[in-house]
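The values are calculated or read from the model by the stated rules, or taken from the named source; none is laboratory data. Please read these numbers as outputs of a predicted model, since none were measured by experiment. Cβ: placed from backbone, ideal geometry, glycine included. Neighbour counts: every protein chain shown.
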Amino acid sequence: MVQGSREDAPIEVVPYRPDWPALFQAERDVLVAALAPWLVAPIEHIGSTAVPGLAAKPLIDIMAPVATLDGSAAAIDAARAVGYHFHPYMPETMHWFCKPSPAHRTHHLHLVPLGSPRWVRTLAFRDSLRSNPSLAAEYEALKFELAERYRDDREAYTQAKSGFVERVVQGAGNP
């Protein structure tokens, strides 16, 4: 998968679906079985589908805690065995996957070292949105605007959200 390639699915933000938590739970069970040798804490539901009531891209974002990236390299093949496609996106901070394909995504999987800045910041952002409905509404409006503007450019969409994400994470007291 290459970010912004024709292989990528277009960005679509849809209203919240109450089945997203159950979809996470089902996939978490698959991943716990497949990734057990590398997991060092519970798997987390992250991203907008993890925030009740928030519109989102209709895919489940999952963050699985590992001790180190080097020590979890063999987990790449284990994730592939349960249908994930690996891509070395941000390889200095995580092992990143999508399922079932870049053109039709239902899940993103991030293997991230437990306690790393990426781990801490991702959970701080999710938890801030969960606890502050007005902040979540502001983020939702931004997501709809950016999804329209960057429909075929996932990297630009993600980058355009970064200022908002940074403001929220800093407000949560994280470096």
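Worth pointing out:
- Test for residue 77: is it in contact with a strand residue (DSSP E or B) (Cβ under 7 Å, 6 or more places away or on another chain) and either in a helix (DSSP H, G or I) or surrounded by 20 or more Cβ atoms within 10 Å (Cβ to Cβ) (or both): no
- Single residue of 117, 100, 133, 88 found to be more than 21 Å from residue 10 (Cβ to Cβ), touching a Gly at 6+ places or on another chain (Cβ under 8 Å), surrounded by fewer than 17 Cβ atoms within 10 Å (Cβ to Cβ) and of a type outside the set (Phe, Trp, Tyr): 133
- Among residues of the range 1-45 being among the basic types (Lys, Arg) and outside any helix (DSSP H, G or I), the one that is modelled with the lowest pLDDT is 6.
- Lone qualifier among 93, 122 - being within 30 Å of residue 146 (Cα to Cα), polar (S, T, N, Q) and touching a Lys or Arg at 6+ places or on another chain (Cβ under 6 Å): 93
- The number of residues in the range 100-125 being free of Cβ contacts under 8 Å to residues at least 24 places away in the same chain and in a strand (DSSP E or B) comes to 1.
- Residue pairs meeting the criteria (Cβ under 8 Å; at least 6 apart or on separate chains; first surrounded by 13 or more Cβ atoms within 10 Å (Cβ to Cβ), in the range 159-171; second assigned to a helix (DSSP H, G or I) and of a type in the set (Val, Ile, Thr)): none
- With respect to being aliphatic (A, V, I, L, M), in contact with a strand residue (DSSP E or B) (Cβ under 9 Å, 6 or more places away or on another chain), within 23 Å of residue 159 (Cα to Cα) and crowded, with 16+ Cβ neighbours inside 10 Å, residue 94 fits the description.
- Condition met for residue 89 (under 24 Å from residue 19 (Cα atoms) and among the aromatic types (Phe, Trp, Tyr)): no
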